Structures are given as structure tokens and as C-alpha cells.
Amino acid sequence: MAKNPRQKQKLLYLQKILLEKTDEQHGITINELISQLEAYGITAERKSLYDDLRILEAYGLDICAEKSKTVRYYVGSRDFQISELKLLVDAIQSSKFITEKKSLELIKKLESLASENDAKRLQNQVIVSNRVKTANETIYYNVDTLHEAISQNRAVEFYYNQWRLKLGCADKLKLERRRGGERYSVSPWALCWDDENYYLIAFDEKNSQIRHYRVDKMEKIDITERRRSGVEEFKKINLADYSRSTFGMFAGENVQVTLSVDKSLVGVFADRFGKNIFITSDKSDDSRFIAKVNVNVSEQFFGWLFALGDMAALTAPEDVVDKFKEHSRKVMNQYG
């Protein structure tokens, strides 16, 4: 009688069973392995399974044996520990630019990297519904297209959308194309994840400026035959430092500002600007320090500074101080 052709797949199914069914708290006996293989239409003898386990271990699978009344086998270490998978699940759940549908798909894939029992522990922490999520399912294709354009050193064209208020409609907020539907033409240089959104950092050829674009608001991106421009402008900046200074990727003139800050906020400034920011003692007040940082002067920056209250004071340059005063007056005027 011809040999069962599925026998050639025995090692593959044995590895699948061990990865799916076992972990440090859940081992499996040889008899249970035989039963599991039979469910896939594969017969196995005890002696051959011992040889198969040794082959898988030599291949690199971390097979551990726990001896009590019987010997139970389990996979000890994996590519990802359960704590690392939980970290990735948290990042996916909290990310606004990943849609609810895609979030659930990605989390399901992460669960496949753990045993069935550990996957249940991951499922217990999954709360995606009712979180603030983008509705744009094409964002993943947008990211791929932009990466491809950057690698090919090509400019891109696209439509750019913005929210419009439509009173009297069932859906009051509508996405509409900016510039009356005119195509944008820019040179893409980097993708940045900031404030839970994906942004494209690009050179606007029309205005000869570095600009930022929300990737989830970009539509119908095409890679052109034109080579990218703006290389000299991007040579002048450090992209990591630049994105850190933009405050939510809001455009504005990049300026070095000086602030007098309460010492209790040193962690806040280190988190925002990095540990290498220029800090000196405030000679007029021992409880404060002087920080000099580069920021994009915008309402987003003023809002961040306003939230710090009297714990941080903008002291220079004078024109930026004046702009902040004017911004504060406008806010206060709304309340009489």
C-alpha cells in the first residue's frame, strides 16, 4: 500500500501544534501529540516522534521537556515574548491613523505569534471599538506608495482633503478636497509618526518650502517621472530634531526661543525636546532653569506653552513674546 503522502508534512504539522498549543504553563505529552497529528490525517509512532522533536530542536525550535508523572513538551522561547506582543497591541489600539478594521486584523496576526492560551490573554486587553480612529482604509496603500516614491527619488502628486462643516446635513462633517480639487505636487522626503498620526514631510515645489501633510487625508497618490527637489533644504536640517520642534506638525517659522522654566518641568522638556537641549541656571530664581529650544512658532506651540501656566515663561525673542501675548489676549477676550 502506498505511503500516506501527508507523512511528508509531519514535521511541519508537529511544529504547528507545538507553537499553537504549548507554552511554559501548557505542555503536551507524546500521546497527545499523536492524537493531534491524527486530526490532520497523519499517523505517528512514539519512537519516530522523539526523533522528530530532536530534528525540530536542531532546526532552532526551543523545545523544552517538563518531567513529572509523565513528560510534557512545550516551546520555551519565541520570536516575541508575551510582554512584547502586549506592547505592540497597545500601540495599535492607541493609534488613531489605523482604522478599527485594520486594528483588529493586525492584532489577530499578532495573536498568531503566541500560543492559543497566551493569545487569549492578549484578547482580554483588546478594546478598539469607540476609540478615535481614522476612517481612511487607503492609508496603508498611501504609506507604501510614498515609501516607493522616496526610494525611487521621485516627486508625487495627490489630492489633499480637509474637514468642512455642513450645517443642515445628516453628516455635518464632510471631507472635501482643498484648493478646489487642484492636485498637489511635492517631493517626499520622510514619513513621520507624530501625535498618533502619520505625516509626510515634503518639499513644496510651488512655494519652495518644507511642508507636512497628513497621510490619511491624502487621496489618489501618483508617483511622477520627475526627480525630487529640495535636496539642499533637507541637507540643512536633522529630520528627528525638526519633527520634534514642529508641535503636532503645524507649520510655522522655525525659531530658537528662550524660556524660564520651573525645575519640576525638566522631565516635560526632556520628553518634548530630547535630553541634549541647552539648559542653564536661572540666576534670578533658584527654583527655575533657562532653556533654549527650537520650535515652529504656531498656535499649537502657544497652546502647549499656555497649558504650562506660570511654570514656564517665554522670554525671548521679543517678537515671539509679543505674538504669544496677542494670542493670549484673543483667548481671554472670549471670556470678557
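The values are calculated or read from the model by the stated rules, or taken from the named source; none is laboratory data. Just so it is clear, the model here is predicted, and its values are computed rather than measured. Cβ: placed from backbone, ideal geometry, glycine included. Neighbour counts: every protein chain shown. Note: accessible area is taken over every heavy atom of the protein model, side chains too, but ligands, DNA and RNA are not part of it. Shrake-Rupley method; radii C 1.70, N 1.55, O 1.52, S 1.80 Å.
Table for the structure above
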{"read-out": "Within the accessible area of the chain (1.4 Å probe), percent carbon and sulfur", "value": "50"}
{"read-out": "With all protein chains modelled, accessible area of Asp319 [1.4 Å, Å²]", "value": "80"}
{"read-out": "Total formal charge among the other residues, if their Cβ is under 15 angstrom from that of Leu61, Lys/Arg +1 and Asp/Glu -1", "value": "-3"}
{"read-out": "Per residue value of the accessible surface for the chain (all protein chains in place, 1.4 Å probe), Å²", "value": "60"}
{"read-out": "Exposure of Glu116 as accessible area (Å², to 10), given a probe of 1.4 Å and all protein chains", "value": "80"}
{"read-out": "Debye equation applied to the C-alpha atoms of region 21-71, log10 I(q)/I(0) at 0.15, 0.25 Å⁻¹", "value": "-0.43, -1.17"}
{"read-out": "FRET efficiency, 1/(1 + (r/R0)^6) with R0 45 Å, evaluated for His147 and Asp285 via beta carbons", "value": "0.40"}
{"read-out": "Among 55-62, 258-265, the order from most to least packed when residues are scored by Cβ within 10 Å on average", "value": "258-265, 55-62"}
{"read-out": "Other-chain or far-sequence residues with amide H under 5 Å of Leu308's (modelled H)", "value": "none"}
{"read-out": "Surrounding net charge for Lys325, when Lys and Arg each add one and Asp and Glu each subtract one, Cβ distance under 15 Å", "value": "-3"}
{"read-out": "Value of D in µm² per second that Stokes-Einstein yields for region 251-336, Kirkwood Rh from Cα pairs, at 25 °C (0.890 mPa s)", "value": "182"}
{"read-out": "Rg/Rg_globular for region 1-131, with Rg_globular taken as 2.2 N^0.38 Å and Rg from C-alpha atoms", "value": "1.26"}
{"read-out": "Per residue Cα convex hull volume in Å³ - calculated over region 297-336", "value": "68"}
{"read-out": "Viscosity 0.890 mPa s, 25 °C: Kirkwood-radius Stokes-Einstein D of region 65-118 over Cα pairs, µm²/s", "value": "189"}
{"read-out": "Nearest-20 debye value, the chain charge dipole, Cβ charges on Lys, Arg, Asp, Glu", "value": "780"}
{"read-out": "The chain, relative contact order in percent, only Cα pairs under 8 angstrom and at least six apart counted", "value": "11"}
{"read-out": "Gained length - Lys120 relative to Ile34, 0.36 nm times residue gap less alpha-carbon distance", "value": "28.5 nm"}
{"read-out": "Rounded to 10°, Cα long-axis angle of helix 82-94 versus longest principal axis of the chain", "value": "40"}
{"read-out": "Average silhouette area of the chain, convex hull of alpha-carbon atoms, in square nanometres", "value": "29.2"}
{"read-out": "Overall form of region 195-235 per C-alpha gyration tensor (a/c, 1.5; a/b vs b/c)", "value": "oblate"}
{"read-out": "Potential extension, Lys109-Leu175 segment - 0.36 nm per residue separation minus Cα distance", "value": "20.6 nm"}
{"read-out": "Debye, to nearest 20: dipole size of region 1-85, +1 on Lys, Arg Cβ, -1 on Asp, Glu Cβ", "value": "460"}
